[in-house]
Amino acid sequence: LSSTDCYIVHEIYNGENAQDQFEYELEQALEAQYKYIVIEPTRIGDETARWITVGNCLHKTAVLAGTTCLFTPLALPVDYSHYISLPAGVLSVACC
């Protein structure tokens, strides 16, 4: 693991705007596209973890709903498949 792959957002409080400085460092690390980012400040780390969880949930929902939309017409009779296929397709597009 080289030093160019990893960036650490250190929790060093020096002034009133320390939280803003942490957020700025995280933004810079994301823009630099580091492979690994370690976030020491608890508040920003927790918030980032929540957003990653939400993103993962949206991705999984979009994939599963899209798959359901595509394969429901093959598994169910034509008269009933659109009742599941269309809402699943709309859900997939909304999650994307």
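The values are calculated or read from the model by the stated rules, or taken from the named source; none is laboratory data. Remember, predicted model here, so these are calculated numbers, not experimental data. Cβ: placed from backbone, ideal geometry, glycine included. Neighbour counts: every protein chain shown. The protein model used for the area step is the full one, side chains on, heavy atoms only, and it has no ligands, DNA or RNA in it. Shrake-Rupley method; radii C 1.70, N 1.55, O 1.52, S 1.80 Å.
Listing for the model above:
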item	result
Condition met for G45 (in contact with a strand residue (DSSP E or B) (Cβ under 6 Å, 6 or more places away or on another chain), within 30 Å of C95 (Cβ to Cβ), open to solvent by less than 70 Å² (accessible area, probe 1.4 Å) and outside any strand (DSSP E or B))	yes
Residues located in the range 1-35, provided they are of a type in the set (D, E, K, R) and either exposed (fewer than 12 other Cβ atoms within 10 Å of the Cβ) or free of Cβ contacts under 8 Å to residues at least 12 places away in the same chain (or both)	D5, E16, D20, E27, E31, K35
